[in-house]
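Notes follow once the structure below has been shown.
Quick note: the coordinates plus some simple rules give every number you see, no bench work behind them. Remember, it's a predicted structure, so these values are computed and weren't measured experimentally. Cβ atoms come from the backbone with ideal geometry, glycine included; neighbour counts cover every protein chain shown.
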Amino acid sequence: MLVDQLEARLQAAGALIAGHWRPGADPGPVAQVLASFGLTAPHEVITWFGWHDGTDATPPGDPLTHRTESILLGGWVFYTLDQSTERRRSEAVRVFDEGLTQPDPHRPGAIGVGPGAVFGY
């Protein structure tokens, strides 16, 4: 799998994140969380969170306040499923407050897995 190749390369490169992976999430709970937003869980999302559910170095709360050990590539923080869904909920509140029609007008079925990174349609 491509994510396994990524992990092997990160470990070989000595990336700090490699020592901080959280265990992967089971597919059922991932699908349930996405269903709570009215989203169908694409295979890629199931695979992503099944690979690793973020890191143990990403603090709760704002995932942009992070430690080096939570950076996957290029400053991209590896969200946990909980952080991804909290970000989606936060966006929903912003949408309501600003009178928009959906969390991301360009990607209505998307869920973020890191700053600027989403899976969905």
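The amide H of V77, built 1.01 Å from its N in the peptide plane, has L72 as neighbours under 5 Å, considering only residues 5 or more places off or on other chains. With a sphere of radius 12 Å drawn around the Cβ of A25, what net charge do the other residues whose Cβ falls strictly inside it have (Lys, Arg +1; Asp, Glu -1)? Summing Lys and Arg as +1 and Asp and Glu as -1 gives -2.
Mind running the shape call on the range 1-63? Use the C-alpha gyration tensor, a ≥ b ≥ c as the square roots of the eigenvalues: rounded below 1.5 for a/c, prolate if a/b tops b/c, oblate otherwise. The shape class here is oblate.
Backbone N atoms of the range 73-90 closer than 17 Å to the 7 Å Cα→Cβ label point of F37 belong to residues 77-90.
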